[in-house]
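Novice: Mind looking over this structure? Questions follow.
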Amino acid sequence: MVGGDTTEQARRRFAADVLQLKPRYVVIMIGINNTWALDTFLPSDRLTPQEIYQQVTSDVEAMVHAALEQGIQPVLCSLLPTCMDRYARNHERNQLVITINERFQAIAEQTDCLYVDYHSRMTDADGNTLRKELADDGLHPHVLGYQLMATVLRDTLSAHDIALGTPS
């Protein structure tokens, strides 16, 4: 993963970054950076939530299918909520994240791949916004956020009888 990547950039690199290496599993957790197209400075660069949804879900679905075709098990992760009040469209972003996550979960069910639901464990009581104690900037988890994410990942893998340990 490269910081600031969108799904389009990750999809273009997927063959070189993942498929040629033939890992047993690939964790796919990408899409939040696409949502910055809601807030771009120039109105001509802005995308609608529906355009972003289509972009993210089609790119991720293509990566899932490419992995499966190569015998690689995808682990598809939900996008995280945000808590960035300084952005006027933060509520709209969080609603878009929920919609994208619903599609990710459907993709996982349709392709029989693992889905890791970080979102539901990281939201405030509203079910929409990132809990303030999990990130200093409202976007990137800090140690408490990552500890919670590790727990969610371990629980999900364990529920699917996937043992964590050192590679053989």
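Novice: For the stretch 1-68 and the stretch 87-159, what is the centre-to-centre distance using only Cα atoms, to the nearest Å?
Specialist: Taking the Cα centre of each part, the stretch 1-68 and the stretch 87-159 sit 16 Å apart.
Novice: May I pose another question? How far apart, in nm, are two points set 7 Å out from the Cα along the Cα-to-Cβ line at residue 8 and at residue 125?
Specialist: Each label point lies 7 Å from its Cα, and together they span 4.1 nm.
Novice: Only Lys, Arg, Asp and Glu count, each charged at its Cβ (+1, +1, -1, -1), so figure out the dipole size of the chain about its Cα centre, rounded to 20 debye.
Specialist: Numbers: 14 positive and 22 negative charges, 60 e Å.
The dipole of the chain has a size of about 280 debye.
Novice: With r as the distance between the Cβ atoms of residue 37 and residue 85 and R0 = 30 Å, compute the FRET efficiency 1/(1 + (r/R0)^6) and round to 0.05.
Specialist: On the way: r = 20 Å, r/R0 = 0.65.
About 0.95, to the nearest 0.05.
Novice: Looking at the calculated P(r) for the chain, what percent of the C-alpha pair distances fall above 27 Å?
Specialist: Values: 3477 of 14028 pairs.
Summing the P(r) of the chain above 27 Å gives 25 percent of all pairs.
Novice: Based only on Cα atoms, what Rg/Rh ratio does the stretch 38-77 have, Rh being taken as Kirkwood's radius?
Specialist: Values: Rg = 14.3 Å, Rh = 11.9 Å.
Radius of gyration over Kirkwood radius for the stretch 38-77 works out to 1.20.
Novice: Can you pull the one-decimal nm distance between simple spin-label points at residue 136 and residue 65, each 7 Å off the Cα toward Cβ?
Specialist: 4.2 nm
Novice: Can I ask one more? Above 16 angstrom, tally the Cα pairs of the stretch 102-168 and express them as a % of all pairs, no decimals.
Specialist: Result for the distance tail: 58 percent.
Novice: With a/c under 1.5 counting as rounded, go ahead and sort the stretch 3-91 into rounded, prolate or oblate using the C-alpha gyration tensor (a ≥ b ≥ c being the square roots of the eigenvalues; past the cut-off, prolate if a/b is larger than b/c, else oblate).
Specialist: Numbers: a/c = 2.68, a/b = 2.14, b/c = 1.25.
Prolate, because a/c is 1.5 or more and a/b exceeds b/c.
Just so you know, all these numbers are worked out from the coordinates, no wet-lab data involved. Values in this document were obtained by computation on a predicted structure and should not be read as measured data. Note that we place each Cβ from the backbone using ideal geometry, even for glycine, and neighbour counts take in every protein chain shown.
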